[in-house]
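Just so you know, all these numbers are worked out from the coordinates, no wet-lab data involved. Everything numeric in this text was worked out from a predicted model, so none of it was measured. Here the Cβ positions follow ideal geometry from the backbone for every residue, glycine too, while neighbour counts run over all protein chains shown.
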Amino acid sequence: MSSLVMRISKEGFPIVFDLLEMEFERQVTNLVAKGYPGIARMTESAFRKQLEPLKDKAASLPPWTNETELPEGYAPFALVVKSEWVDSSRAIQLVERQKKAGFSVMDEQDMCRFKPIDGIALPAGVAYLLADIDTGRQTLNVTPNDALPRLLAQGRSPLTLEEGIALVTHFPELLKKNNGFSLLGSRCGDRRVTALWISQGKPKLGWCWAGNPHTWLGSASCLERIGTDNIANEKNLEGSFKVCSHNS
């Protein structure tokens, strides 16, 4: 059955939450409007068909009543299209916040080096859902190295680079001038951690050092990743980063 969610949040989302199915459709339509089907070399019909099985998963998420405001910096779920279909360098340019497009100081090759850290299992398929997302207000001014074990102790998982872009694609107003967020779930073998913040009024994808705190950067996380057939099992994350190996 459908579940009601809060219709507006403290973030001032430019959308109205009603039914979870309606929010899912809003996100699919948002991706279509941004040209995702063409970038993924699919027709709109084929693209929607790939995403359709996730609709029931979204509808089964815990409900929010219209008497309950969404916590600040929170989103109930976000639809993530994998970078194999829409690469991150293109996706960040399609983010729009207050009529300003996103950009990155990283080139496509550099972005491709950032892979999910050990213990993060991405669901199979073209796309999946992130559920119970927090942009990390409680980890502002906490280094990424220190934030990771804190998130794990809460039973949460850090967002990857592509998941962060997906979040601000659907919820651009979650990105605040004084509350950007690090994406601890992706590493490339050095001390850098990618992050999203506002620069010159625009959404920016950049990086910071894992050992440096910033008063304006938290660490984004989710409760789970949900695919069409199963919920991704995220075991074996430890209290420190395990950098990914890469061939690119």
Quiz item: Shape call for the stretch 33-180 from the C-alpha gyration tensor, a ≥ b ≥ c root eigenvalues: rounded (a/c under 1.5), prolate (a/b greater than b/c) or oblate?
Solution: rounded
Self-check item: Pairwise FRET efficiency - Arg191 versus Ala101, Cβ, R0 = 45 Å, nearest 0.05
Solution: 0.95
Practice problem: For Trp216, enumerate residues with amide H under 5 Å from its amide H, sequence gap 5+ or separate chain, H modeled in the peptide plane. | Solution: Asn141
Practice problem: Run the numbers on the stretch 62-147 and let me know its relative contact order in percent, using alpha-carbon pairs under 8 Å that are six or more apart. | Solution: 46 percent
Exercise. Could you tally the net charge around Pro144, taking each other residue with its Cβ under 13 Å from the Cβ of Pro144, Lys/Arg +1 and Asp/Glu -1?
Key: +2
Quiz item: Across the stretch 186-193, in residue order, what do the Karplus-derived ³J(HN,Hα) couplings come to in whole Hz, using 6.51 cos²θ - 1.76 cosθ + 1.60 with θ = phi - 60° and x for Gly and Pro?
Solution: 10, 9, 10, x, 10, 8, 7, 10
Quiz prompt | ³J(HN,Hα) computed for each position of the stretch 70-79 - Karplus, 6.51 cos²θ - 1.76 cosθ + 1.60, integer Hz, glycine/proline x | solution = 5, x, 5, x, 10, 9, x, 6, 9, 8
Quiz prompt | Dipole magnitude of the stretch 73-226, debye to nearest 20 (Cβ charges: Lys/Arg +1, Asp/Glu -1, about Cα centre) | solution = 440 debye
